[in-house]
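Notes to accompany the following structure.
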Amino acid sequence: MENTVFTINNLNLYYDQFQALYGIDMKIKRNEVTALIGPSGCGKSTFLRCLNRMNDLIEGCNITGEVKFNEKDVYMNSYDVINLRTKVGMVFQKPNPFPMSIYDNIAYGPRCQGIKDKKVLDDIVKKSLTKAALYDEVQDRIKGSAMSLSGGQQQRLCIARAIAMEPEVILMDEPTSALDPIATLKIEELINDLKKNYTIIIVTHSMQQAARISDKTAFFLMGVLIENDSTNKIFTQPKNKKTEDYITGRFG
Amino acid sequence: MELLKKNPFRDKFNSKKEAIDYFVRTFFMISAIISSSFIIIIVVFIAKEGIKPFITDNNGIGSVNLFSFITGKVWLEGTAFLSNLYGVGFIIINTLYISFFALLISMPIGVLTALFIAKIAPKKIAEFLRTVVELLAAIPSIVYGLFGSGIILVFVYNFAKIFGIQSKGGNSVLATVLVLALMILPTITALSEVAIRSVRSEIEHGSLALGATKTQTNFKIVLLSAKSGIFTAAILGVGRALGEATAVSLVAGNARSGPSFGFFETTSTLTSTMLQGLKETVGIDYDIRFSVGLVLMVVILLTNLMLNFAKKRVGNINVK
Amino acid sequence: MKKIWLIVVVAIILVGLTACNSTEETWDSSSNITVYTRDTSSGTRAGFMSGIGFNEAKEDDSLLVNGFVIKDNTGILTSMEIDEYGIGFISLASLNNTVKGLNYEGVEPTIANVINNTYGLKRPFNYVIRSLDDFENETEKGITLAFIAFLGTTDGLDIIMNKGAIPLDSTQTWDDIKNEYAVCNQDNSNTTIKIGGSDSIEKIALALTEAFAPKCGDFIPEHDHTGSSDGFKRTQGSEKDSDNYKHIGFASRPFKDSEQGSVDTQGQLAWDAIVVIVHLSNQLNNVSAEELKKIYNGEFLIWNDVLD
Amino acid sequence: MSNKRIRIDRFYQFMTYSAASIAVIILSMIIIFVISNGSGLLNFGLVVNDYHAKFYNGGIDNNITFSQTERPESLTSEIYYSEKWGIGLIEEENREGNTIISVEYIDIDSPLRNMRDKNNDNNSLSLSEGSIVSSIKFYDKNSALTIHGAEHMINELDTSDDFREIVYSSLGGGVRGSIITTLYIIGLTLLIALPIGIFTAIYINEFAKKNRVTSLIRSMIEVLTGVPSIIFGLMGLAVFVPLTVKYTQADSANLLSGSLTLAVILLPIIIRSTEESLKVVPDDFRTASLALGANHTQTTFKVVLPSALPGIMTATLLAIGRIIGESAALIFAIGTAIKDDISIFGKSTTLSVHIWSLMTDEPANIELASTIAIIILIIVLVLNLIVKLIAKRFTKNFG
């Protein structure tokens, strides 16, 4: 299997007149955790949303350049965006479980794909919940409302929901920013577990978090990719002055 | 919201802000009490008039038997002003039957139209449709009645003919259902649209990110998340259907016995019965119409309770 | 749920298609008669039922044939445009060429025939005023009395006739008697006279007051017509001192026993003829009281019963 | 995407589109119905004219000079002309759909230009073009009436040398009074119902504890939604009419009592929609505001309320619709007296009660009723645009 999942070439993104991303070139490797860091408004979330074309939903959003997923440009006209999103899952900043049962939340994605067999679904739900380290906590109320879970549980449910689709990549947009430290820790442990099987791209505000969980780190500033290297390098010997300023806390 | 709770009954306020808070809250509470007290005034007023036929001897005619009134299959056995043999059992069933079908037609059309306006249509078309719906909400019910007797009756009459049925000039359950469905459509659409529009976009994005199509998201997630508001729309819609009189009396045929289940039979509703001749009658024949009003209030109350119960169930427990 | 939606959508489309295809058929005399009537509180109904000798059914629906339809005046008229096999009755003033008005006992329903008393199906239009002691002041009383007198003059009759009702007979003109009503020579533009009662008479009453106001010091007529029963109720009955009291009330039916005031406060101003109507394609041209009674009580169920 | 999924997707899409188009089709059918019935009568005069026609009674003296003017060429063949009196009459239809005879031409020398006012000896009257002649009364023969037609009236005039009285009037049937009343009532009712309704919604949603009393209040308001309007009307008659008579200068049912009644009808609608939109405002906003030291009141007015504005706007629009469309309640709470001079403390009718009274006539005037329905639609449309414009301003200010 090819080792590079995403190849981004000269990606520019505009909201109407405003340019949010400038000529991004980047490669993302399989089964690695890539952290995207940078100050607020630097374009890291926008960049993340380019990878599963969630920016399509924003009016007036224009994109030039290439985003190749498994060697195919996802912005080609003929590209099946629905298929892309099943292969590239996403977890959002705020836990956003659907107002239905835990079971239905997880079965939602597979059902949308047309899977109806109860046994298959049961299996998927159990597997996903186990992978998301949630099964033990919720197994006795799996038919209960997802809204009754705690924030951390909800976020893990959202991860389980994404896993249920058996994606290759999971995009995480500041998944722990709305959670307390204990819940955050659990998610981080989970991410460490998951990277064996999945490629994870995570946007985070916390440099400690990036340092703890990621293999690669990319630093964004004002819509420009300043530096992209292994996490160790970025945090110990950054090549760029701006990166150094940022990680040493001189701004941002 | 628990954060906001504070004890209002303190001996003195710690600051001016708290004092203002206290007074504003009291003022708002008074508003709420005023709003809710009207139902008491109405119930007392209707009950006072409506109970009369059952507890007085109605100037020698004799008191109306409550049980046979509630279960009766004929509106009035005998001569008005001289008989006490009133019955509304069949009218209650007719009313519920008609309202159910009106809702059955209106809900899907209204909700889907609301979905179209809120999520699918381009902005300009959405704005246009919204205005159309608001306009229709303002058309007096008598004009709907006019439309009903001018267009829907003809349509139902010819429609029945296709099946070889000779309907009563179109005056029928079907015509009434159609007119009511039309009348509650704007209400349902407008309120559902508000509910759908206020579904958080994160939830929608969550669904899209899972590889659901836009349509799947709209049907499985958006409608589901808006269900509380949609139920509210249904409750208001049913309320209007149950309470509508003028238009109904123009197309129902005002059957005096029943119940009528056939789609081409004439029928009658509680309101149309109540309104019929209200201004022309005196004595028991006048008072009994308030008893009908009382029955109507009870029916509406029970329907509301049922729908609210359903709404709570739907709101709490998993639904597919 | 989804399936129900689908069914509804398909049904509506189907219905829409089929409605376009319906064709006019010839009139079939073996069809059932659909009976239309006003409700029991209607003056027209009372006039009709007593006219055809079916007095018991004036206020009793349970004597009528099964499956009758209750509608108002306009409703019956428009229904008879649609329903080929219906029969109903309306006020002569409402008759137009969209329906067929039947001869009654061989007499054509025209104003002339009502006036010469050959057309028998009719009802009275009555008025009632407050008891003479109940007026708040002399001006109101004077104008009210003058108005009642005006109703009986040829000038009043002309207006009644213009509005399609059938006036009583008179030879006096307003000019002949106006000197008896001195109140009309003063300026009455601050006096409001409240008029109510039957809404069938509203148009006539409105025309009468509009024409009479300039003749009587430009008093202000306030019309609030809510039904025949309110005619008596709000002038001499239970609501005569309420906020809705009236100076003059009208009733489109005879006053009931419970609605009798003193003689000088009540009277008739006109007749209204009642016409039996059917669909234009109906073969029937003439109908008798007896036949009508049999139609309405259910002895005649199909049109052949009447035609034979 | 699999073919099956695409098919299912298409099916759902089709349903949405067809539902929306069905809604649009039936709704536009109603509008087309109203317009096709009523557009014939729609003109500027209808909107500005009085409802009540002004009547005149003209008489002539014995020694008059007749006009004896030849028929002017300009008169079309439908006009009946009398050389002797110099007058041309035509049959037209008035707003009630009845035939009327109106003066199409009157000669400068016509004796009818200089008549005695029978109601005021000091006055003289001049018949003018556009007046409606309802009858001409003679001394020695039957009166010539509208129902006999214009030709008959001219013939009768030609064969007479004098007459006792000519009754003519302005064209009545205008709806100016009803339009003004409607606007008054909309204003008054919103003034009463909006604050109470919005405050109640805020109280229930923001201030009240979640206890039995609150849920009782809520369900009491909910039940109010189902009460048929005719019962509201009867309540208005029993409660608000005596109340307003006692404390204001009104002497019977009046606009104020009607507005109060309507306000009660609107309360549940306003409360419901406002509540729905309050629920949508995220709790974070409230907490954030409170955390900044704002008190509960400030939070409510500065943060919660502006976010709920769109919902309140929908509520207002629905409310306006309901006010304009309501007739059953108002028939009892104000009455059906159609007036030209409007006072808050007097009776008069809104447009929909005007329609109601046209429809209960025998025969009913469907055409004019539809015309008024068009006027209602136009008013609603204009108010709709105004409210939306105001709301836009508001949301801009609040960002």
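Which one of the conditions (1) within 10 Å of another protein chain (Cβ to nearest Cβ); (2) open to solvent by 20 Å² or more (accessible area, probe 1.4 Å); (3) in contact (Cβ under 8 Å) with a residue 12 or more places away in the chain does D:L256 fail to meet, given that it meets all the rest?
The failed condition is (1).
Residue check: is D:S160 in contact (Cβ under 8 Å) with a residue 12 or more places away in the chain, among the polar types (S, T, N, Q) and outside any helix (DSSP H, G or I)?
Answer is yes for this residue.
In the range A:179-217, which residues are open to solvent by 60 Å² or more (accessible area, probe 1.4 Å) and either closer than 22 Å to A:S40 by Cβ or assigned to a loop (DSSP other than H, G, I, E, B) (or both)?
Across the range A:179-217, the qualifying residues are A:D180, A:P181, A:K196, A:N197, A:H205, A:Q208, A:R212.
Please find, among D:A238, D:A193, the residue that is open to solvent by 40 Å² or more (accessible area, probe 1.4 Å), within 14 Å of chain B (Cβ to nearest Cβ) and not charged (D, E, K, R).
On the way: D:A193 fails: open to solvent by 40 Å² or more (accessible area, probe 1.4 Å).
None of the other options fit; the residue is D:A238.
For the range C:5-56, which positions are in a helix (DSSP H, G or I), modelled with pLDDT of 85 or more and at the interface with chain B (Cβ under 9 Å from one of its Cβ atoms)?
Result: C:E56, single match.
Starting from the range C:175-192, keep only residues that are farther than 10 Å from C:A146 by Cβ and among the small types (G, A, S), then list their pairs with residues that are open to solvent by 50 Å² or more (accessible area, probe 1.4 Å) and not in a loop (DSSP other than H, G, I, E, B) whose Cβ atoms are within a distance under 9 Å, requiring at least 6 positions of separation or different chains.
C:S189/C:I220
Does B:L305 meet the test of being part of a helix (DSSP H, G or I) and touching a residue at least 12 places away in the same chain (Cβ under 8 Å)? Quick ask: steps written out before the conclusion?
Working: part of a helix (DSSP H, G or I): yes; touching a residue at least 12 places away in the same chain (Cβ under 8 Å): no.
Criteria not met by B:L305.
Inspect all residues belonging to the range D:201-212 and state whether any of them is at the interface with chain B (Cβ under 7 Å from one of its Cβ atoms), in a helix (DSSP H, G or I) and aliphatic (A, V, I, L, M).
Yes, the conditions are met somewhere in the range D:201-212.
Determine which member of the set B:T213, B:T217 is away from chain C (no Cβ under 14 Å), surrounded by fewer than 24 Cβ atoms within 10 Å (Cβ to Cβ) and in contact with a Cys (Cβ under 8 Å, 6 or more places away or on another chain).
Of B:T213, B:T217, the one residue that is away from chain C (no Cβ under 14 Å), surrounded by fewer than 24 Cβ atoms within 10 Å (Cβ to Cβ) and in contact with a Cys (Cβ under 8 Å, 6 or more places away or on another chain) is B:T213.
So, D:I312, is that one under 30 Å from D:I204 (Cα atoms), open to solvent by less than 10 Å² (accessible area, probe 1.4 Å) and in a helix (DSSP H, G or I) or not?
no
Quick one: which residue in D:D50, D:D61 is within 14 Å of chain C (Cβ to nearest Cβ), in contact with a Lys or Arg (Cβ under 8 Å, 6 or more places away or on another chain) and not in a strand (DSSP E or B)?
Exactly one residue qualifies, and that residue is D:D50.
Hey, any hits in the range A:32-52 for a residue that's basic (K, R) and without any contact (Cβ under 8 Å) to a residue 60 or more places away in the chain?
no
Counting only residues that are in a helix (DSSP H, G or I) and open to solvent by 10 Å² or more (accessible area, probe 1.4 Å), how many does the range D:332-372 have? So that I can check it myself, show each step before the final result.
Filtering the range D:332-372 down to residues in a helix (DSSP H, G or I) leaves D:332-333, D:351-359, D:366-372.
In the following step, the residues that additionally are open to solvent by 10 Å² or more (accessible area, probe 1.4 Å) were identified as D:332, D:356, D:359, D:366-367.
Qualifying residue count for the region: 5.
Quick one: B:T26 ticks every box in (1) more than 10 Å from every other protein chain (Cβ to nearest Cβ); (2) open to solvent by 20 Å² or more (accessible area, probe 1.4 Å) except a single one, so which number is it?
Of the numbered conditions (1) more than 10 Å from every other protein chain (Cβ to nearest Cβ); (2) open to solvent by 20 Å² or more (accessible area, probe 1.4 Å), the odd one out for B:T26 is (1).
Give C:S198, C:S229 a once-over and let me know the one that is more than 22 Å from C:I159 (Cα to Cα), among the hydroxyl-bearing types (S, T, Y), surrounded by 20 or more Cβ atoms within 10 Å (Cβ to Cβ) and under 19 Å from the mean Cα position of the chain (by Cα).
None of the other options fit; the residue is C:S229.
Of (1) in contact with a Leu (Cβ under 7 Å, 6 or more places away or on another chain); (2) away from chain B (no Cβ under 14 Å); (3) open to solvent by 10 Å² or more (accessible area, probe 1.4 Å), D:H152 satisfies all except one. Which?
(1) is the only condition that D:H152 fails.
For B:S149, which of the numbered conditions (1) closer than 23 Å to B:L191 by Cα; (2) more than 9 Å from chain D (Cβ to nearest Cβ); (3) of a type in the set (S, T, N, Q); (4) open to solvent by 10 Å² or more (accessible area, probe 1.4 Å) fails to hold?
It is condition (1) that B:S149 fails.
Since D:S343 meets every condition but one in (1) in contact (Cβ under 8 Å) with a residue 60 or more places away in the chain; (2) more than 27 Å from D:V382 (Cβ to Cβ); (3) polar (S, T, N, Q), which condition does it not meet?
Among (1) in contact (Cβ under 8 Å) with a residue 60 or more places away in the chain; (2) more than 27 Å from D:V382 (Cβ to Cβ); (3) polar (S, T, N, Q), D:S343 violates only (2).
Go through the range B:223-271 and give me each residue that's more than 7 Å from every other protein chain (Cβ to nearest Cβ), part of a loop (DSSP other than H, G, I, E, B), touching a strand residue (DSSP E or B) at 6+ places or on another chain (Cβ under 7 Å) and farther than 22 Å from D:L234 by Cβ.
B:A255, B:G258, B:S260
Residues are listed down the side, and each one gets a yes or a no for (1) among the acidic types (D, E); (2) within 23 Å of D:T371 (Cα to Cα); (3) without any contact (Cβ under 8 Å) to a residue 60 or more places away in the chain:
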site: B:E127; (1), (2), (3): yes, no, yes
site: B:E134; (1), (2), (3): yes, yes, yes
site: B:G145; (1), (2), (3): no, yes, no
site: B:I151; (1), (2), (3): no, yes, yes
site: B:V154; (1), (2), (3): no, yes, yes
site: B:I162; (1), (2), (3): no, no, yes
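Does any residue of the range C:127-145 turn out to be of a type in the set (G, A, S), open to solvent by less than 10 Å² (accessible area, probe 1.4 Å), in contact (Cβ under 8 Å) with a residue 60 or more places away in the chain and at negative phi?
no
The values are calculated or read from the model by the stated rules, or taken from the named source; none is laboratory data. Predicted model only: the values in this text are computed from it and were never measured. Here Cβ is always computed from backbone atoms with ideal geometry, including for glycine, and neighbour counts include all displayed protein chains. Just the protein is used for accessible areas: all its heavy atoms, side chains included, with ligands, DNA and RNA removed. Shrake-Rupley method; radii C 1.70, N 1.55, O 1.52, S 1.80 Å.
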